[in-house]
C-alpha cells in the first residue's frame with residue numbers, strides 16, 4: 001500500500017514537472033508605444049514610459065534591454081516610439097523600434 005502511494009505521488013510530481021516545461025520557453029511578442037526617458041549605452045537599455053501593453057503589463061515606466069544594437073542606435077531621450085516587447089518567462093527585451101517623433 002505504501003509503495004502504491006509513493007508511486008502515485010511520484011507520477012503526480014512528474015506530471016507537474018512536465019506541465020511546467022510546456023509553459024516555459026514560450027516566447028510572446030507584444031506591441032508597445034512609449035517615450036524614451038533615459039538611455040544606458042553601456043548596458044544597451046532604455047528607460048521607457050510605456051502605455052499599457054495588452055496581455056502583459058499595465059502602463060508604467062521601466063528599464064528595457066534593447067536588441068540588437070542597431071535598434072538601440074535609433075533611440076534618443078524624449079523620442080516617442082512604437083516597438084515590440086519580446087517576453088520569454090521572466091526575460092524580456094525591446095526590438096523592431098520605429099521612432100514616431102524625434103527629440104525636439
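Each reported figure results from applying straightforward, stated rules to the coordinates on display, with no laboratory input. Worth saying up front: this structure is predicted, and the values here are computed from it rather than measured. Note that we place each Cβ from the backbone using ideal geometry, even for glycine, and neighbour counts take in every protein chain shown.
Things to note:
- Distant alpha-carbon pairs in the range 27-101 (separation over 20 angstrom), percent: 17
- Between residue 98 and residue 67, the contour length at 0.36 nm per residue exceeds the alpha carbon distance by 9.8 nm.
- Separation of the residue 49 and residue 37 label points, Cα + 7 Å toward Cβ, nm: 0.8
- Residues 33, 63, 58, 71 in ascending order of nearby Cβ atoms (within 10 Å, fewest first): 58, 63, 33, 71.
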